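Just below is one structure, and these are the notes that go with it.
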Amino acid sequence: MDTSRASWRNTTHDWAGTVDLAHLAGIRRDPAAFAPGGAWHLVLEVVAYAADEAEYGGGGRCRVTLHPDGSVSVADDGRGTDTRFDEHGHVVKKPVMATKDLRFFDLPEAQTLPDGHPRRGMSVVAALSEWLVHTNRRRNGSWTQRYEHGSPVTGLEAVPDDGTTGTVVHFLPGERLRAEGWAQGDVGALAAAWPHLSVEARR
């Protein structure tokens, strides 16, 4: 797509902006409200996007890995985050990490995640993590980008194409959330909530 960004239809996020600092700051002010139960809720926020892709594609896979440093990565085999070229030839990726998800964030009827709490979107994960690395593979190119406390600290950095599509979201929840834990969640129970998605857990 090579058209004006202003003409792009907003479905899940507003293409007009890349970072909403006030939105991210609001999340950081109240981690208990946006990540009830600790880091496990952040994992569910990420896996929910993999479940969206799996439902769209008629099935998909996701791998949740707990790393020795306390960080978590969620890898899926979906289409990857939407990435386009604007009228100036600049690469623009859907601002999923640093702006609100229009479907959920301010809506009282938002989807409920398997822990019983409302879905708010990926920006919650980014804002409440010390760092987050988003690696994306699509048919039109692959890249990675790093965030710290929700704000991007690098541009889109190209990575070699390996013939696959999908995303890897690797993040280190804030210390307070790590102390509350994430392993109390039952990965096996996610099948009931997201029947199109096969979830594997690793340590």
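Select from region 21-62 the residues that are buried (at least 20 other Cβ atoms within 10 Å of the Cβ) and acidic (Asp, Glu) and write down the one among them that is nearest to residue 73 (Cα to Cα).
So, considering only residues that are buried (at least 20 other Cβ atoms within 10 Å of the Cβ) and acidic (Asp, Glu), the one nearest to residue 73 (Cα to Cα) is 45.
Please count how many residues of region 154-176 are in contact (Cβ under 8 Å) with a residue 60 or more places away in the chain and either more than 17 Å from the chain's Cα centre (by Cα) or surrounded by fewer than 11 Cβ atoms within 10 Å (Cβ to Cβ) (or both).
The total comes to 2.
Of everything in region 85-95 that's crowded, with 17+ Cβ neighbours inside 10 Å and either at positive phi or in a strand (DSSP E or B) (or both), which residue is modelled with the lowest pLDDT?
92
Every residue, every condition in (1) over 15 Å from the mean Cα position of the chain (by Cα); (2) closer than 21 Å to residue 159 by Cα; (3) modelled with pLDDT under 85; (4) assigned to a loop (DSSP other than H, G, I, E, B), yes or no:
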residue	(1), (2), (3), (4)
78	no, yes, no, yes
97	no, yes, no, yes
101	no, no, no, yes
108	yes, no, yes, yes
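Contact list please: Cβ distance under 6 Å, first residue in region 47-74 and more than 16 Å from residue 134 (Cβ to Cβ), second residue assigned to a loop (DSSP other than H, G, I, E, B) and not hydroxyl-bearing (Ser, Thr, Tyr), pairs at least six apart or on different chains.
51/194; 54/196; 55/196; 59/196; 60/77; 60/78; 61/77; 66/203
Taking region 38-61 on its own, how many of its residues are in contact with a Leu (Cβ under 9 Å, 6 or more places away or on another chain) and part of a loop (DSSP other than H, G, I, E, B)?
2
The values are calculated or read from the model by the stated rules, or taken from the named source; none is laboratory data. On a predicted model such as this, the values are computed, not experimentally measured, just so you know. When we count neighbours, we look across all protein chains shown, and the Cβ atoms used for this are built from the backbone with ideal geometry, even at glycine.
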